[in-house]
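Undergrad: Just passing along the structure, written as structure tokens.
The values are calculated or read from the model by the stated rules, or taken from the named source; none is laboratory data. Please read all numbers here as calculations on a predicted model, not as lab measurements. Because the Cβ atoms are built from the backbone with ideal geometry, glycine has one as well, and the counts that use them run over all protein chains shown. Only protein heavy atoms, including side chains, enter the accessible area calculation; ligands, DNA and RNA are left aside. Shrake-Rupley method; radii C 1.70, N 1.55, O 1.52, S 1.80 Å.
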Amino acid sequence: MRITEPLKQNREFKRLYARGKSAASPFLVVYCRRARGEKNRLGITVGVKLGNAVVRNRMRRRIREAYRLSEGSFLPGYDIVIVARFRAVGARFEELCSEINSLFDRLGLRAKP
């Protein structure tokens with residue numbers, strides 16, 4: 001992730017949930033909010049209901065990689081939280097990539113070509 005830093009503080013996650021814009025799909029929910037700075041900050045949330053630690057960590061890695069592959073087309077300067085839903089566990093990687101891109105399009109986070 002070249003232009004993205006991790007989002008780690010609990011209060012930052014809560015601020016995004018309360019005041020950020022959101023878009024949802026069957027696999028993922030994305031929350032975003034304009035932030036100071038020139039880099040995006042990304043947080044990934046995978047709940048305990050999705051499975052054991054192995055399943056949750058695999059889901060985090062898949063989401064992070066799907067984000068990384070399209071990262072160059074995203075506008076900089078946003079705080080972003082991606083929340084995995086239960087259906088995402090059984091989704092193919094290509095489906096996750098297309099869902100992330102479509103959700104970012106809906107939120108206006110992708111640069112116009």
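Undergrad: Need pairs with beta-carbon distance below 6 Å; first residue crowded, with 17+ Cβ neighbours inside 10 Å and within the stretch 1-23, second part of a helix (DSSP H, G or I); sequence gap 6+ or separate chains.
TA: Note: pairs meeting the criteria are ALA23/LEU103; ALA23/ARG106; ALA23/LEU107.
Undergrad: If you don't mind, there's one more thing I want to ask. Tell me the residue from LYS8, LYS21 that is of a type outside the set (Phe, Trp, Tyr) and touching a Cys at 6+ places or on another chain (Cβ under 8 Å), please.
TA: Values: LYS8 fails: touching a Cys at 6+ places or on another chain (Cβ under 8 Å).
Residue meeting the stated conditions: LYS21.
Undergrad: Considering only residues that are small (Gly, Ala, Ser) and modelled with pLDDT of 95 or more, look in the stretch 24-46 and name the one that is most open to solvent (accessible area, probe 1.4 Å). Before the answer, list the steps.
TA: Just the residues of the stretch 24-46 that are small (Gly, Ala, Ser), to begin with: 24-25, 35, 37, 43.
Among the residues that remain, those that are also modelled with pLDDT of 95 or more are: 24-25, 43.
Working: ALA24: 46, SER25: 8, GLY43: 2 Å².
By that ranking, first place goes to ALA24.
Undergrad: Can you tell me how many residues in the stretch 1-58 are part of a strand (DSSP E or B), touching an Asp or Glu at 6+ places or on another chain (Cβ under 7 Å) and β-branched (Val, Ile, Thr)?
TA: So the answer is 1.
Undergrad: On to the next question. If you scan the stretch 39-69, which residues turn out to be within 16 Å of LEU96 (Cβ to Cβ), touching a residue at least 40 places away in the same chain (Cβ under 8 Å) and in contact with a strand residue (DSSP E or B) (Cβ under 7 Å, 6 or more places away or on another chain)?
TA: LEU42, ILE44, ARG64, TYR67
Undergrad: Residue by residue through the stretch 86-109, note down the ones that are touching a helix residue (DSSP H, G or I) at 6+ places or on another chain (Cβ under 8 Å) and over 18 Å from GLU65 (Cβ atoms).
TA: PHE86
Undergrad: Could you tell me how many of the residues in the stretch 72-97 are assigned to a helix (DSSP H, G or I) and either surrounded by fewer than 15 Cβ atoms within 10 Å (Cβ to Cβ) or hydrophobic (A, V, I, L, M, F, W, C) (or both)?
TA: Going through the stretch 72-97, the residues assigned to a helix (DSSP H, G or I) turn out to be 72-73, 86-90, 93-97.
If we keep only those that are either surrounded by fewer than 15 Cβ atoms within 10 Å (Cβ to Cβ) or hydrophobic (A, V, I, L, M, F, W, C) (or both) as well, we get 72-73, 86-90, 93-94, 96-97.
Count: 11.
Undergrad: Same structure again: From the list ARG56, ARG64, pick out the single residue that is modelled with pLDDT of 95 or more, open to solvent by 60 Å² or more (accessible area, probe 1.4 Å) and either more than 18 Å from ALA24 (Cβ to Cβ) or over 11 Å from the mean Cα position of the chain (by Cα) (or both). Please lay out each step first, then the result.
TA: Numbers: ARG56 fails: open to solvent by 60 Å² or more (accessible area, probe 1.4 Å).
Unique residue meeting the criteria: ARG64.
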